[in-house]
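Enquirer: What follows is a structure written as structure tokens; I'll ask about it next.
The values are calculated or read from the model by the stated rules, or taken from the named source; none is laboratory data. Just so you know, these numbers come straight off a predicted model, no measurement behind them. Here the Cβ positions follow ideal geometry from the backbone for every residue, glycine too, while neighbour counts run over all protein chains shown. Accessible surface areas use protein heavy atoms only, side chains included; no ligands, DNA or RNA. Shrake-Rupley method; radii C 1.70, N 1.55, O 1.52, S 1.80 Å.
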Amino acid sequence: MSYAADLLLRGGQVVTPEGTIRADVLIAGEKIIALEVHSSTVSARETIDVTGLTLLPGMIDTHAHLRQPGHEHKEDIEHGTRAAAAGGYTTVVGMPNVDPVTSSVERYREAIDLYDRASIVDFNHFPTGTDLGEIKGLADAGALGFKIYMIGDGGRDYLRQPGLGVKDHGQLYDIADSIARTGLPMLVHPHDQDLMRAIESRFHERGERDFRAYARAFAKHEGIVWDTAAAFVIRLAGATGARLHLLHMKTRAMIDVVQSARARGEQFTTEVNPVSLLLAHDWENIERVGPYALSTYIGDGEAEPLWNAFLDGTIDVIGTDHAPHTRAEKEIGWTDMWKASGGLPHLQETLPLFLTEVAAGRLPLERLVEVASGAPARIFGIDDRKGAISVGKDADIVAVDLEAEGVIRTEDVLSKCGWTAFDGRPVRGLPRFTLVRGTVVYRDGTVTGKPGFGRVVQPQGERSGIG
């Protein structure tokens, strides 16, 4: 069969929804038009030889803190999406904890305009739902969902923006009820602020405020601040009909809560962050890189149950929680982590880190593709275009060398913050090039995509389904 193709990816192994096959991928314009068994008769205007490489659908990150507007000293959309392109991410969705908080239609449109001018990959941006009068308008404007933080004022300069955190259960009920009417997902950062205040006060009374105390406080009672909040919000979503997407799966107690709720018939989806599986489960890492590993310590013995939940489908999605901060904002955490900013950059490092787990036999490649591409596309209503290498989909593809070995290095970091907690970590499996809608945006160590190439991705069709 002959095709009017613009680009042919010849000679690779392709991970498709039907399984992994050896095939040539033909692209016309922005779309995949054919997958053909390797044949010398197939041609296109341009051919890229991908012999020895494996083609994966471009990864979708629905948890990226790109810091713009208001915190551009940490990160901005251009730097963050450069890191995304280098890391095999072809779609990213930003978070509303910017300044001003994305809580209105006007602010959402302003954010989308910023991305439209600066993003190298495709994008959207989650508003929050703290202003009930704006929720319907935000849904109509094209939001993929709403991000809710179950937090209060923790005393930091960062994450104290008015209109962001919600810990009052009545207010959370009103928000969930309003979001339910849109049919869009409600992404919840679960956290019991009152419990945390009581726990951390014991440390503070003893004069313990360093990174070790902070890590132990969050892991106290097997991470009670996480599972108690998760249990509440699952029950809340069931009562209101909200499409819950539960973030930050961390502990076996959270896993028990999720599995018990699903056994009762509750329908919702879940996310895990790379740091929980790959860094913050090991006290040696906490001692070694201190505030740069925090985020939160999940506690000894919590990683294996989390991996099991990741493999058995209890966890649906990898969300990077890409959260850059400056070194100065981190360094204070050696002595007072409560004054430091929590979080770390992940967009560039996530794929090589998880391909290393594939190489070690811990993670099937097809499962990685599902949690990083297929499931996010379905949950957020963009699977008509994204999330798979299939005919008719956008040609969002990352070509990886599963055998290539390397080392993650700070000097290679593209995020504006300029550091990685994984510095010196050996990896096996590296992205060689990334395509967004048929255009190469990263190749062999160089980002070739231009700011403004990215396009907003909005939900299509019915909004009532569970991923």
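Enquirer: Against the definition (open to solvent by 10 Å² or more (accessible area, probe 1.4 Å), among the aliphatic types (A, V, I, L, M) and within 30 Å of Leu8 (Cβ to Cβ)), how does Ala44 come out, yes or no? I'd like the intermediate steps shown before the answer.
Expert: On the way: open to solvent by 10 Å² or more (accessible area, probe 1.4 Å): yes; among the aliphatic types (A, V, I, L, M): yes; within 30 Å of Leu8 (Cβ to Cβ): yes.
Here the answer is yes, as Ala44 does meet what is asked.
Enquirer: Restricting segment 67-112 to residues that are of a type in the set (Ser, Thr, Tyr) and under 17 Å from the mean Cα position of the chain (by Cα), which is farthest from Gly438 (Cα to Cα)?
Expert: Going through the qualifying residues, I end up with Thr81.
Enquirer: Continuing with this model, one more query. Need pairs with beta-carbon distance below 7 Å; first residue within 17 Å of Glu18 (Cβ to Cβ) and within segment 373-391, second open to solvent by 20 Å² or more (accessible area, probe 1.4 Å) and assigned to a helix (DSSP H, G or I); sequence gap 6+ or separate chains.
Expert: Gly387/Arg378
Enquirer: While we're looking at this one, here's another question. Name the residues in segment 68-90 that are in contact with an Asp or Glu (Cβ under 8 Å, 6 or more places away or on another chain) and open to solvent by less than 10 Å² (accessible area, probe 1.4 Å), would you?
Expert: Lys74, Ala84, Gly87, Tyr89, Thr90
Enquirer: With respect to Asp194, is the statement that it is under 18 Å from Gly145 (Cβ atoms) and open to solvent by 30 Å² or more (accessible area, probe 1.4 Å) true? Before you say what the answer is, go through the steps one by one.
Expert: Working: under 18 Å from Gly145 (Cβ atoms): no; open to solvent by 30 Å² or more (accessible area, probe 1.4 Å): yes.
No.
Enquirer: Assuming Gly374 fulfils every condition listed in (1) in a helix (DSSP H, G or I); (2) surrounded by fewer than 21 Cβ atoms within 10 Å (Cβ to Cβ); (3) touching a Gly at 6+ places or on another chain (Cβ under 6 Å) apart from one, which condition is it?
Expert: Exception for Gly374: condition (2).
Enquirer: Next up: Looking at Thr335, Thr350, Thr326, Thr356 in this structure, which one is more than 19 Å from Trp226 (Cα to Cα), open to solvent by less than 10 Å² (accessible area, probe 1.4 Å) and of a type in the set (Ser, Thr, Tyr)?
Expert: None of the others qualify; the one that does is Thr350.
Enquirer: Please state which one of Ala215, Ala239 is aliphatic (A, V, I, L, M), assigned to a helix (DSSP H, G or I) and over 25 Å from the mean Cα position of the chain (by Cα).
Expert: Criteria check complete, one pass: Ala239.
Enquirer: Quick one: would you say Leu26 is touching a residue at least 24 places away in the same chain (Cβ under 8 Å) and not small (Gly, Ala, Ser)?
Expert: No.
Enquirer: Sticking with this structure for a sec: Kindly indicate whether any position in segment 298-305 is in contact (Cβ under 8 Å) with a residue 60 or more places away in the chain, open to solvent by less than 10 Å² (accessible area, probe 1.4 Å) and in a helix (DSSP H, G or I).
Expert: No, there is no match, as no residue in segment 298-305 is in contact (Cβ under 8 Å) with a residue 60 or more places away in the chain, open to solvent by less than 10 Å² (accessible area, probe 1.4 Å) and in a helix (DSSP H, G or I).
Enquirer: Have a look at Asp423, Asp394 and point out the one that is charged (D, E, K, R) and either open to solvent by less than 50 Å² (accessible area, probe 1.4 Å) or over 21 Å from the mean Cα position of the chain (by Cα) (or both).
Expert: Asp394
Enquirer: Against the definition (hydrophobic (A, V, I, L, M, F, W, C), modelled with pLDDT of 95 or more and farther than 27 Å from Pro96 by Cα), how does Ala328 come out, yes or no?
Expert: Considered against the rule, which asks whether it is hydrophobic (A, V, I, L, M, F, W, C), modelled with pLDDT of 95 or more and farther than 27 Å from Pro96 by Cα, Ala328 comes out as no.
Enquirer: Sticking with this one: Residues to consider are Gly313, Gly290, Gly319, Gly374; find the one that is closer than 30 Å to Asp24 by Cβ and at pLDDT 95 or above. Can you show your working first?
Expert: Values: Gly313 fails: closer than 30 Å to Asp24 by Cβ; Gly290 fails: closer than 30 Å to Asp24 by Cβ; Gly319 fails: closer than 30 Å to Asp24 by Cβ.
Unique residue meeting the criteria: Gly374.
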